[in-house]
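Report on the following structure.
The values are calculated or read from the model by the stated rules, or taken from the named source; none is laboratory data. Quantities reported herein were computed from a predicted structural model and do not represent experimental measurements. Counting neighbours? That spans all protein chains shown, and the Cβs are built from the backbone with ideal geometry, glycine included. Heavy atoms of the whole protein, side chains included, go into the accessibility calculation; ligands, DNA and RNA do not. Shrake-Rupley method; radii C 1.70, N 1.55, O 1.52, S 1.80 Å.
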Amino acid sequence: LAATFVAMLALTMLGPMMTITGADLTGAGNWQRQAGYVAITVLTMVALRPLHDWRRLLTVPLPIALALAWCLLSIAWSIAPGVGFRRLLLTAMVIWSVFAAVRWLGYERTVNLTRWVLLVSLVLSYIVVFAYPELGIHQADEVYDKKLIGDWRGIFMHKNTAGAICA
């Protein structure tokens with residue numbers, strides 16, 4: 001369960017790098033990332049051993065479950081229901097996986113795992129900035145925003161993501 005939580009954090013932090021590609025910055029879906037979330041959800045289910053006690057799967061609080069139900073209902077009048085359903089399914093899997101992990105790992109272990117993941121990402125970011133500045137620092141040939149030239153991003157797609165992780 002701890003491993004699936006760490007994998008969830010890693011996918012969440014590296015998600016923009018996996019989905020926003022090219023100059024258009026559309027953020028279209030990425031099948032590897034989606035497969036990763038599905039694998040994490042399945043492994044989280046296995047870790048909870050639902051055959052032993054199926055109630056372990058009931059981890060999402062009622063208000064959030066109701067919000068997800070409303071989102072599902074709103075797909076009925078969506079312009080692109082297929083896209084909406086796929087995004088809602090991915091969102092629901094992420095929400096369930098996080099709630100399940102936090103509930104069964106406990107507060108202290110969850111916070112400690114999060115601290116370690118953030119520390120490792122910070123150390124890796126510094127290594128990338130100094131060892132591979134062409135990857136860790138926004139370069140002049142990046143066409144989408146010239147004001148970013150020289151700002152460091154470490155292992156992340158953008159300086160704002162790196163800043164949030166560092167904070």
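Skip the ligands, DNA and RNA, and give the accessible area per residue of region 99-167 with a 1.4 Å probe, whole Å².
Roughly 65 Å² per residue, with all protein chains present.
Express the carbon and sulfur contribution to the solvent-accessible surface of the chain as a percent, rounded to the nearest whole number, probe 1.4 angstrom.
70 percent
Only helices at least 30 Å long along their axis, Cα-based, and averaging 0.5 or more on Kyte-Doolittle count here, so list those DSSP H runs from the chain.
Span-like helices, by this rule, are 81-105, 107-131.
For the chain, what does the helix formula give at 222 nm: sum of -39500 (n - 2.57) over DSSP H segments with n ≥ 4, over the residue count, nearest 500 deg cm²/dmol?
Taking each H run of at least 4 residues, the total per residue is -22000 deg cm²/dmol.
Shape verdict for region 21-117, please, from the Cα gyration tensor: rounded (a/c under 1.5), prolate (a/b greater than b/c) or oblate.
The shape class here is oblate.
Report relative contact order for region 64-167 in percent, whole number only (criteria: Cα-Cα under 8 Å, sequence separation at least 6).
So the answer I get is 16 percent.
How big is the charge dipole of the chain about its Cα centre, in debye rounded to the nearest 20, if each Lys and Arg gets +1 on its Cβ and each Asp and Glu gets -1 on its Cβ?
Roughly 560 debye for the chain.
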